[in-house]
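To start, the structure under review is shown below, and the notes come after it.
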Amino acid sequence: MKRGINLQVEQVDIKTPEYVSLQFQTAALGSRAAAFLIDTLILMAINLVIFFVLIYSLSASVFDLFYVTDFSSYLVAGTIIIIFLINWGYYFLLEYFAGGRTLGKKFLGLRVIQDNGHSITLLSSLIRNLLRIIDMLPASYLVGMIMIFFHSKHKRVGDIVAGTIVVHERGNKKKKKRTKLDSLLEEKGIYSTVPIVEEWAIRQLTAKDWKLIQTYASRFGSLQQRDRSDLTLKVSNLLFPKIGLDTSNKNFYELEGMLLALYVQMKEEWDYYL
């Protein structure tokens, strides 16, 4: 692993279960703190809105219509529960359903992944966010900041236990040159196609699957029709059953479009690797 003293640009090599070697740039304390600050400001804004709605509701004369003497107490208790669920669920749900990115992480180009290079799972998201309670001790995330600063991969306690790591996305990389494949995909209207599967289904595919469909897409324009049809059928039979897509009534042209659309969709998930 390469360590930088001033800029703290650190890279880590990860060998996936499929024996695919991936390289990441880990997120250090500065970038993670900035992302956390953005998330905190967002949550503060949401909490303030809820608080003012509560104050207005408690003072509104409309409550005179209710014949429940403890209605205001129930309202306050319900609001406290809602605020807790929002503040905790914000990290837990966004990191799982948004591909390891809260709004703060997305803004700064960060992402949470598993140690094996795969997308964060529901369980790992649950564990790392439950353990925020420890990382926040004794105050102001002191334990978490100390761990991130001194750990070789910038992990806090939640990351160590959950087996996760925070990395920089491809947004920090130099802009790639336009390729023939890009032109082909635009010509076929693939970039404007609605995603063919949900994000949770994409997580069923591995780095090995990504290499397969990446190879398919790169060779697509150079193959003769017969060879392309054979390759399309083989790749479809390998990938589509994994994500629950029924292709029994699809012709070769439809399968080609589906595979290219899947390539574009998977590219968002996998192309940030260094």
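The values are calculated or read from the model by the stated rules, or taken from the named source; none is laboratory data. The shown structure was predicted, so the numbers you read here are calculated from the model rather than taken from an experiment. Positions of Cβ are generated from backbone atoms using ideal geometry, with glycine treated the same way; all protein chains shown enter the neighbour counts. Surface accessibility is based on the protein's heavy atoms, side chains included, excluding ligands, DNA and RNA. Shrake-Rupley method; radii C 1.70, N 1.55, O 1.52, S 1.80 Å.
Are any of the residues in segment 149-160 touching a strand residue (DSSP E or B) at 6+ places or on another chain (Cβ under 9 Å) and among the β-branched types (Val, Ile, Thr)? Looking for residues that are touching a strand residue (DSSP E or B) at 6+ places or on another chain (Cβ under 9 Å) and among the β-branched types (Val, Ile, Thr), one finds none in segment 149-160, hence no.
Restricting attention to segment 60-92, which residues are of a type in the set (Ser, Thr, Tyr), assigned to a helix (DSSP H, G or I) and modelled with pLDDT under 75? Step through it out loud before you land on a result.
From segment 60-92, those of a type in the set (Ser, Thr, Tyr) are 61, 67, 69, 72-74, 79, 90-91; that's our starting set.
Next cut, assigned to a helix (DSSP H, G or I) only: 61, 72-74, 79, 90-91.
Those that are of a type in the set (Ser, Thr, Tyr), assigned to a helix (DSSP H, G or I) and modelled with pLDDT under 75: SER61, SER72.
Within segment 104-134, being part of a helix (DSSP H, G or I) and hydrophobic (A, V, I, L, M, F, W, C) holds for PHE107, LEU108, LEU122, LEU123, LEU126, ILE127, LEU130, ILE133, ILE134. Can you tell me which residue within segment 102-130, out of those that are under 18 Å from ALA201 (Cβ atoms) and open to solvent by 10 Å² or more (accessible area, probe 1.4 Å), is modelled with the highest pLDDT? My answer is LEU123.
For first residues located in segment 21-33 and modelled with pLDDT of 80 or more, partners that are charged (D, E, K, R) and surrounded by fewer than 21 Cβ atoms within 10 Å (Cβ to Cβ) and lie 6+ apart or on another chain with Cβ distances below 6 Å form the pairs THR26/GLU10; THR26/LYS153. Taking first residues from segment 140-165 that are under 13 Å from LEU126 (Cα atoms) and partners that are open to solvent by 50 Å² or more (accessible area, probe 1.4 Å) and not in a helix (DSSP H, G or I), the Cβ contacts under 7 Å between residues at least 6 apart in sequence or on separate chains come to GLY163/ASP115; THR164/ASP115. Note on segment 242-274: among residues that are among the aromatic types (Phe, Trp, Tyr), modelled with pLDDT under 80 and in a helix (DSSP H, G or I), the one that is farthest from GLU187 (Cα to Cα) is TRP270.
Give me the helices (runs of 4 or more DSSP H) completely within segment 152-229, filtered to those with at least 1 residues that are surrounded by fewer than 16 Cβ atoms within 10 Å (Cβ to Cβ) and modelled with pLDDT under 80, ordered by residue number. Walk me through it before giving the result.
Values: elements: 157-162, 180-187, 199-202, 207-220.
Because the criterion is at least 1 residues that are surrounded by fewer than 16 Cβ atoms within 10 Å (Cβ to Cβ) and modelled with pLDDT under 80, the helices (runs of 4 or more DSSP H) in segment 152-229 that meet it are 180-187, 199-202.
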